[in-house]
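K.L.:
Here it is: the structure, laid out below.
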Amino acid sequence: MRGIVSDLEVQRAYTPVSPVDAEGYFEVLIKIYEDGFMSRFVKTWKEGNTVCWRGPFGNCPYKPNQYEQLLLFASGTGIAPMVSLIQYIVANEEDETFITLVGCFRTFQDIYMKPRLQELAAYWNVKTLFVLSQEQDLTHLLWSYREKTYLGRINCDMVKNFVNSCRRKPFIMVCGSITFSKDVLNYLNQLGLPEDDYFVF
Ligand SMILES: Cc1cc2nc3c(=O)[nH]c(=O)nc-3n(C[C@H](O)[C@H](O)[C@H](O)COP(=O)(O)OP(=O)(O)OC[C@H]3O[C@@H](n4cnc5c(N)ncnc54)[C@H](O)[C@@H]3O)c2cc1C
């Protein structure tokens, strides 16, 4: 996306999260940073404004049925490419990959795209789990979330548990902040997973 802030042009990349069959539109999930350049531009938007985009760029390296199981770890807006990938898989009836998505956020309120994630979790091959670092207890969460939500920061035991509870040997993908990706990568190393078994965005 291209934006103009204080007469300066800024360009930033965003990941489309539209359904595979979207025609004539696309959707993006944009996090607003208080002091971010593009964020300041986005904050000025009013309905009816026109915004310049180019792309999409990059090919999805994923091939249908390439893996028996995917285990996806995402934090914050790192959920965007994961949603895209899951939508791509469930739109293809011949792709029977099992998917477990572990979404890490601070609070229940902070979970992005809840309705979309609920829709995806209804597919036979998709499971969504959440790790909330700043929630104190599960009692005020919707019932449908209590069983699939873990409290605290993601740690090595949780990662081990998620890996072990996969139905098949998983290929792991990680997308999030630098610290999040570093932490998860560290846990995968501690668990002795070979580098061929994971990919960090
Ligand atoms: C391939 C790709 C896909 C992406 N997809 C998405 C997406 O789907 N959704 C999404 O929200 N974002 C996505 N991003 C990130 C996005 O491109 C922007 O980086 C993000 O929106 C912040 O842009 P900004 O101009 O608002 O903030 P910036 O001005 O770039 O600043 C971002 C934050 O970093 C801090 N910061 C800036 N400069 C420094 C510095 N020198 N030292 C320390 N801190 C600093 C700022 O205070 C602010 O909090 C993607 C990035 C890539 C590369």
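K.L.:
If you take the residues of segment 122-141 that are in contact with a helix residue (DSSP H, G or I) (Cβ under 9 Å, 6 or more places away or on another chain) and free of Cβ contacts under 8 Å to residues at least 24 places away in the same chain, which of them is nearest to residue 81 (Cα to Cα)?
P.N.:
Residue satisfying both the conditions and the ranking: 138.
Yes or no, residue by residue, for (1) in a loop (DSSP other than H, G, I, E, B); (2) farther than 21 Å from residue 29 by Cβ:
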site: 100; (1), (2): no, no
site: 110; (1), (2): yes, no
site: 119; (1), (2): no, no
site: 123; (1), (2): yes, no
site: 137; (1), (2): yes, yes
site: 140; (1), (2): yes, yes
site: 150; (1), (2): no, yes
site: 153; (1), (2): yes, yes
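K.L.:
Give me a count of the residues in segment 17-58 that are within 8 Å of the ligand (Cβ to nearest atom), in contact with a helix residue (DSSP H, G or I) (Cβ under 7 Å, 6 or more places away or on another chain) and closer than 30 Å to residue 89 by Cα.
P.N.:
Total meeting the criteria: 5.
K.L.:
Please verify whether segment 38-46 includes one or more residues that are under 25 Å from residue 85 (Cβ atoms), basic (Lys, Arg) and assigned to a loop (DSSP other than H, G, I, E, B). I'd like the intermediate steps shown before the answer.
P.N.:
Initial filter on segment 38-46 (under 25 Å from residue 85 (Cβ atoms)): 38, 42.
Okay, now just the ones that are also basic (Lys, Arg), so none.
No.
All of the numbers you see were taken from the coordinates with simple rules; none came from a lab. Nothing here was measured: the structure is a model prediction, and the numbers come from that model. Glycine also receives a Cβ, built like all others from the backbone with ideal geometry; neighbour counts cover every protein chain displayed.
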